[in-house]
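The values are calculated or read from the model by the stated rules, or taken from the named source; none is laboratory data. As the structure is a computational prediction, the values presented were derived from the model and not from experiment. So basically every Cβ, Gly included, is an ideal-geometry build from the backbone, and we count neighbours across all protein chains shown. Remember, those area values only see protein heavy atoms, side chains included, never the ligands or the DNA or RNA. Shrake-Rupley method; radii C 1.70, N 1.55, O 1.52, S 1.80 Å.
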Amino acid sequence: MGRVCGIKAEKETILTEEGLKKLEDELDYLRSEKRQQVAERLKVAISYGDISENSEYDDAKNEQAFVEGRILTLEKMIRNAKVIKDSEINKKVVSLGSQVTIKDMETEEEEEYTVVGTTEADPMADPPRISNESPVGKAILGQKVGSVCKVPTPAGELSYKIVSIAKPRAGKKKKAAAKE
């Protein structure tokens, strides 16, 4: 990160529209509900008397510090957000927001990923959301369908072929929830 006029430049947060909405929802929850819950915990802990040996008070103060720190982090991330809109996603080249199917050249197995910024990475999502800074994410960015990419790993180099590139689709879990 560089400095601009003596001020440290803040790192850009790369997000999809969905990712930005999640951060805004979390920030709203922390500001409106969680702060109130922590304030109530502090009030109850103080009512127990001597705060010098009051573990309830210490826990509530620690939680308050965590909540306030998270609020500041979220505000900074939202302020520095670069949103990747679905309309900007290129289906010819792997880019941030792309839904990519890759084939392991050794095992012939296919895997599907969505390439996102580090903030939204979630290997447990369906399909998994990998960071553009992860080894696989770095290797496939900018590649076209049919390209073979080499991914360095501690166990040796892996080769993946880009099978398809598409705009992201909703995860299976969301589709199931929508039916309910």
With +1 on each Lys and Arg Cβ and -1 on each Asp and Glu Cβ, how big is the dipole of the range 98-171 about its Cα centre, in debye rounded to the nearest 20?
380
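Can you bin the range 76-128 into rounded, prolate or oblate? Criterion: square roots of the alpha carbon gyration tensor eigenvalues sorted a ≥ b ≥ c, rounded for a/c under 1.5, prolate for a/b above b/c, oblate for the rest.
It is oblate, given that a/c is not under 1.5 and a/b is not larger than b/c.
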Under the definition of Cα pairs under 8 Å and six or more residues apart, what whole-number percent is the relative contact order of the range 1-140?
23
Folded to 0 to 90 degrees: helix 55-79 orientation relative to the chain principal axis, Cα
40
Candidates (i) 69, 53, 38; (ii) 50, 33, 29; (iii) 45, 39, 23; which is the computed Cα extents along the principal axes in Å?
(i)
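Carbon-plus-sulfur fraction of the accessible area of the range 56-144, 1.4 Å probe, in percent?
Values: 2360 of 4860 Å².
Within the range 56-144, the accessible surface is 49 percent carbon and sulfur.
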Enter the angle in degrees (range 0 to 90, nearest 10) between the Cα long axis of helix 35-47 and the first principal axis of the Cα atoms of the chain, meaning the one along which they spread out most.
30
Return the whole-Å distance between the Cα centroid of the range 94-153 and the Cα centroid of the range 4-80.
32
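Can you tell me the accessible area per residue over the range 39-137, all protein chains present, probe 1.4 angstrom, in square angstrom? Could you put the intermediate results ahead of the total?
Values: 5750 Å² over 99 residues.
Per-residue accessible area for the range 39-137 comes out at 58 Å².
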Which trypsin sites (Lys or Arg not before Pro) in the range 72-165 sit in a loop by DSSP (not H, G, I, E or B) and have at most 11 other Cβ atoms within 10 Å of their own Cβ?
Lys85, Lys92
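Restricting to DSSP H runs of at least four residues, report the calculated mean residue ellipticity at 222 nm for the chain, -39500 (n - 2.57) per run over all residues, nearest 500 deg cm²/dmol. Mind dumping the intermediate values first?
Details: 5 runs with 65 residues, N = 180.
Roughly -11500 deg cm²/dmol at 222 nm, from the helical runs in the chain.
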